[in-house]
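A.B. asks: Take a look at this one; I'll ask things after.
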């Protein structure tokens, strides 16, 4: 199937924009492969420390030469989505031994729950934790003991952080091992109804507590289609987990079978395995575009307008909101899962799940099918449904949707577009999720009411000051100001105003939850107020127009008067709850559109200073490749100069293990 011309065009411009940074990334990866730390380069004392507590695996590790897998785990038993990971390492050790391999836990990373910290001071650490996770992943892998990496993580910042960290060790293969969503509880719309009643003072806290506990009731991810479940979808669309492994519930037989198969497959694609597939070659421009297409086709979380550019940057790929906007114009919305519908992720899985969605996108030419994946036969495997027959994990072609109210084909979508827009104008650039907003509210024009905290918004609501048409402006919520917390606590409050018939919208340089919807919101506004962006010049009463259809955010103030405005002074930085420890990360963060990361900004500065050195090393590798291809052998990273593969560019189909014409090595 030919790729849709807009998908192809966006991919081509990403490739062109990323030419230098991608080349230098692959040079760093090749340098790590050839000269970086690895088991054969460790001294006896290093190895002895690493093997000291390895029990029955010690003899095999002592012999060397085999495959040793490293696990980066985000387990804790407070976070429901990650509680099932408690037993994974012990199980995975057994699965590795079945393939004559060994497995060790390389390290653990923080895994905070946005549901626990929502509306609290700890939420200001949420986005910052992604960089912490990436650095912790790098620390775990820096021991050099591993030929493959299993990533155990599901929720909001955890998966992006794990991928960013693992990509700096891109010469190793890596795959994500999911744990699945909790069984369905109280429907999400009913939970939201009770939240609104509580916001209005119509029910007691006991009723709210009962509703919340009935919704979040067991191990597994939250069942709404928020950031955590969007993570799983995107990783599967990138081919970085087994086909149809995202949405089976925890502790089920098929979930364990998928975990077992994942370990076996990681051994096969490991650096010492028969079908080596390094992560650096799997995460290329086409894989990033596939992730974006999946995000739009499923109505996924707006948080990935920040996370996806950050993941891409870690692989030397530059993607921006204009790319997402262009893709959204042609990628149709195929699902209705809360918050852009009443169904939950389990209903989406029962209707056909990701295999049905992927099969439909493939038929329409909406995704790149010639990407390198962890699955043996490439991306076509992801259009297949998993099932158990006895103990055997089998796959068959995806079926048509079993419930068209939840999941549809490209030929009959819920919307002709992906429901995520770039909005821009005199107030900067931002993201607007249209898929959960009623058509008659796609444009809101109203006077501004300006706040610097969500607590002040709620206080104004309780005092009756917001009972009118209003655009609520919440500023100094960007990555440079306070770490860019989610403002989901405002959703019930603003929804009450909207249900009263008022024309209401939110404008903020902060984030909203992946569960947010219904109320029109222009979010992630850049430049942020802390950096002196136009949002810092808004005053109470200024008329503002937010139009999703036209993609505009404008302040309707006389131009001469607006030109005289000066940004208001920022509030003092927050402290307490450990926030002061992260001051350095906040003060050096870059824009939301680039991923909102001080760590990645600093990394790129270092690579830029080494640019000439990397280019010279690339030239030497190219000269060496000419010598090697003259008949003297070749062991370079697939896709790197000297490998005999074409690298990352549109239409390339001769990369190792990728696409049409690929030779299976297993």
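The numbers here are math on the coordinates, done by the rules we state, and not lab data. This one's a predicted model, so the numbers in the text were calculated from it and none came from an experiment. For neighbour counting, all protein chains shown are included, and Cβ atoms are generated from backbone atoms with ideal geometry for every residue, glycine included.
A.B. asks: Report the calculated FRET efficiency for residue 272 and residue 463 (r = Cβ-Cβ distance, R0 = 60 Å), to the nearest 0.05.
C.D. replies: Here the calculated transfer efficiency is 0.35.
A.B. asks: May I pose another question? Would you calculate the separation in nanometres between label points at residue 549 and residue 391, each defined as 7 Å from the Cα along the Cα-to-beta-carbon direction?
C.D. replies: Calculated label separation equals 6.2 nm.
A.B. asks: With percent of Cα pairs over 45 Å apart in mind, check (i) 17; (ii) 32; (iii) 36 and report the label derived from this structure.
C.D. replies: Checked against the structure: label (i).
A.B. asks: So, R0 is 30 Å and r is the distance between the beta-carbons of residue 142 and residue 601; what FRET efficiency does that work out to, to 0.05?
C.D. replies: With R0 = 30 Å, the Cβ-Cβ based efficiency is 0.90.
A.B. asks: A further question on this structure: Take the alpha carbon gyration tensor of segment 356-411, find the square roots of its eigenvalues, order them as a ≥ b ≥ c, and report rounded if a/c is under 1.5; if not, report prolate when a/b exceeds b/c, else oblate.
C.D. replies: Oblate, because a/c is 1.5 or more while a/b does not exceed b/c.
A.B. asks: Right, next: Rounded to the nearest 5, what is the percent of antiparallel bridges among the DSSP beta bridges in segment 420-571?
C.D. replies: Among the beta bridges of segment 420-571, antiparallel pairing accounts for roughly 60 percent.
A.B. asks: So if each residue of separation counts as 0.36 nm, and I subtract the Cα-Cα distance between residue 76 and residue 34, what length gain in nm does that give?
C.D. replies: 11.5 nm
A.B. asks: Could you please rank 368, 264, 4, placing first whichever residue has the fewest other Cβ atoms within 10 Å of its Cβ?
C.D. replies: Final ranking by Cβ density, sparse to dense: 264, 4, 368.
A.B. asks: Using the basic label-point model (7 angstrom from Cα toward the beta carbon), what is the residue 558 to residue 41 distance in nanometres?
C.D. replies: 6.8 nm
A.B. asks: Distance in nm between label sites at residue 1 and residue 400, each 7 Å beyond Cα in the beta-carbon direction?
C.D. replies: Spacing of the two 7 Å Cα→Cβ label points: 1.6 nm.
A.B. asks: OK, next. Could you work out [θ]222 nm for the chain from helices alone, using -39500 (n - 2.57) per DSSP H run of at least four and dividing by all its residues? Round to the nearest 500 deg cm²/dmol. Mind dumping the intermediate values first?
C.D. replies: Working: 25 runs with 252 residues, N = 666.
Mean residue ellipticity at 222 nm (helix-derived): -11000 deg cm²/dmol.
A.B. asks: Could you sort the peptides 372-378, 391-397, 212-218 by per-residue average Cβ neighbour count (10 Å cutoff), highest mean leading?
C.D. replies: Peptide ranking by packing, descending: 372-378, 212-218, 391-397.
A.B. asks: Still on this structure: For residue 500 and residue 439, what is the calculated FRET efficiency with R₀ set at 25 Å and r taken between the beta-carbons, to the nearest 0.05?
C.D. replies: The pair residue 500/residue 439 has a calculated efficiency of 0.80.
A.B. asks: Oh, and also: Round to a whole angstrom and tell me the spacing of the C-alpha centers of segment 97-146 and segment 5-22.
C.D. replies: Centre-to-centre distance over Cα atoms comes out at 30 Å.
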